[in-house]
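Everything below concerns the one structure shown next.
The values are calculated or read from the model by the stated rules, or taken from the named source; none is laboratory data. Please read all numbers here as calculations on a predicted model, not as lab measurements. Heads up, the Cβs are rebuilt from the backbone with ideal geometry, glycines too, and the neighbour counts pull from every protein chain shown.
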Amino acid sequence: MARVYIEDLRNHVGEEVTIHGWVYNKRSSGKVRFLVVRDGTGILQCVMVKGVVSEEVFNHSDALTQESSLAVTGKVKKDDRAPGGYEMELSNIRIYQIARDYPITPKEHGTDFLMDIRHLWLRSARQHAILRVRHEIIKSIREFFDNRGFTLLDAPIFTPAACEGTSTLFETEYFDLGKAYLTQSGQLYGEAGAMALGKVYVFGPTFRAEKSKTRRHLTEFWMVEPEVAFNDLNDNMELAEEFLEHIVSSVLKNRPKELLALERNTAFLENVKKPLPKISYSEAVEILKKKGHAFEWGNDFGGTDETVISEEFDRPVIVHRYPSQIKAFYMKRDPQNKDLALAMDVLAPEGYGEIIGGSQREDDYDMLVQRIKEHDLPQSAFEWYLDLRRYGSVPHAGFGLGVERTVSWICGLEHVRETIPFPRMIYRLTP
Ligand code: 4AD
Ligand code: MG
């Protein structure tokens, strides 16, 4: 018999089906017992009436504890009052296992406690909703690039050198070859891919050893990085706004139930449409000053600065042309003003900060060699990268979007730690 899942019950109204899952909740009133079952796709209220089901089944249900695993069989009814919209008139219960005292109860638990039992916390309704939105976001990311003729390019995780600055590298011994580092970004490999395939995206885990204990930082996070040959900064910004519009509209369209469960106010999300506002770094500095924030031109924006800037807009804002001294070695200088890099960041609204960072890349061999020297990077480790400027160099651009910050923003969460199944932070390596 084909297995039936709760989210497909609309196709089985009036039929007798069996659902396999776990006890989510239980209550009784008089002769009626309610058993709420979850199966990973939804929750279903099962109703038992004394005298209607056998004595054995009725008593069976007494033994069931929260998270006991079971199969329930019964007739499916549509019922708008029931959570999920359907109800089952129970006729049989088969028990797989009676769960021991489950540590998560309907009472409030502290986040530290819940993080310690993250492997169980994932079963809760809110975590379930977040994981489903995360899945939708990842799916829409792949869909966006796949539909536009991009090729997925997998970059290595062990790398011989830094990409985003040396201070945030995780180091490990690598046999007789000395040190290896966990990748901070697949971008440099993405650039090689763009020269081979024209349009590529790298999508994988990335690692940062920065000691930031903020609600926006993980030590291990997922980043998607498109890279396109012959794109300039303007093309790059346009790609980013179309990309964000696609991601947000996919979640709004396909995950409304989850957004509702998360009590997400979707008004800001509905605004995510091309074109997004675009301002220069200098204009962003003016916004800060106008609002009475002390800020010196040339510094990098901190989390609070980003929040203050983004409060001026009702949708994500693209900030471009940052001072080159605060940006990575590979960014191309603005031909109009050599102190500026052709960089762009996208700041999410509602205080979620930077979700995208990108740039047009330095495509001139001599300039790039000079940058590598200025940044004190070992040129030998970058010879392969310089080859991309030796053999048919072209203008090109790309960006990286952090999946967890995007999930956090779209779900309206307090902290990125709930956006990934098993978060890694400075002070957390388990479970
Ligand atoms: O701005 P970043 O450092 O850019 C790069 O790594 C470029 N190489 C990307 C490129 O041009 N191909 O990181 C990109 C994004 C950030 O905007 C943010 O969303 C996310 O990655 N990110 C983090 N997310 C969670 N925890 C951290 N510690 C993060 N650091 C960056
Ligand atoms: Mg950045």
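Things worth noting here:
- Failed criterion for residue 311 (all others in (1) over 27 Å from residue 387 (Cα atoms); (2) free of Cβ contacts under 8 Å to residues at least 60 places away in the same chain; (3) within 14 Å of ligand 2 (Cβ to nearest atom) hold): (3)
- Checking each residue in region 45-71 for being among the hydrophobic types (A, V, I, L, M, F, W, C) and under 15 Å from residue 27 (Cβ atoms) picks out 46, 47, 48, 49, 58, 64.
- Residue 331 being over 26 Å from the mean Cα position of the chain (by Cα) and hydrophobic (A, V, I, L, M, F, W, C): no
- Unmet requirement for residue 410, which otherwise passes all of (1) touching a residue at least 12 places away in the same chain (Cβ under 8 Å); (2) outside the structural domain of residue 261 (by TED's automatic domain parsing): (2)
- Which numbered condition residue 139 misses (of (1) of a type in the set (D, E, K, R); (2) part of a loop (DSSP other than H, G, I, E, B); (3) farther than 30 Å from residue 181 by Cβ): (2)
- When region 60-90 is filtered for residues that are surrounded by 18 or more Cβ atoms within 10 Å (Cβ to Cβ), closer than 12 Å to residue 17 by Cα and among the acidic types (Asp, Glu), only 87 remains.
- Test result for residue 87, under 22 Å from residue 41 (Cβ atoms) and assigned to a helix (DSSP H, G or I): no
- Applying the condition of being crowded, with 20+ Cβ neighbours inside 10 Å and without any contact (Cβ under 8 Å) to a residue 40 or more places away in the chain to region 347-396 and asking which residue is farthest from residue 277 (Cα to Cα) yields 389.
- Within region 390-430, restricting attention to residues that are within 27 Å of residue 192 (Cα to Cα) and of a type in the set (A, V, I, L, M), the residue that is farthest from ligand 2 (Cβ to nearest atom) is 394.
- Filtered residue count, region 399-426, keeping only those that are among the small types (Gly, Ala, Ser) and outside any strand (DSSP E or B): 2
- Test: residue 93 is loosely packed, with under 15 Cβ neighbours inside 10 Å and in contact with a helix residue (DSSP H, G or I) (Cβ under 8 Å, 6 or more places away or on another chain): no
- Any chance residue 391 is touching a helix residue (DSSP H, G or I) at 6+ places or on another chain (Cβ under 6 Å), more than 30 Å from residue 258 (Cα to Cα), at pLDDT 95 or above and away from ligand 1 (no atom under 12 Å from the Cβ): no
- Exactly one residue among 227, 210 is at pLDDT below 95 and either of a type in the set (S, T, N, Q) or closer than 30 Å to residue 363 by Cβ (or both), and that residue is 210.
- Residue selection: residue 296 satisfies the criterion of being assigned to a loop (DSSP other than H, G, I, E, B) and at pLDDT 95 or above.
- Within region 160-184, restricting attention to residues that are within 16 Å of ligand 1 (Cβ to nearest atom), at pLDDT below 95 and not in a loop (DSSP other than H, G, I, E, B), the residue that is surrounded by the most Cβ atoms within 10 Å (Cβ to Cβ) is 168.
- Of the helices (runs of 4 or more DSSP H) contained entirely in region 187-266, those carrying at least 3 residues that are of a type outside the set (Val, Ile, Thr) and within 9 Å of ligand 1 (Cβ to nearest atom) fall at 187-197.
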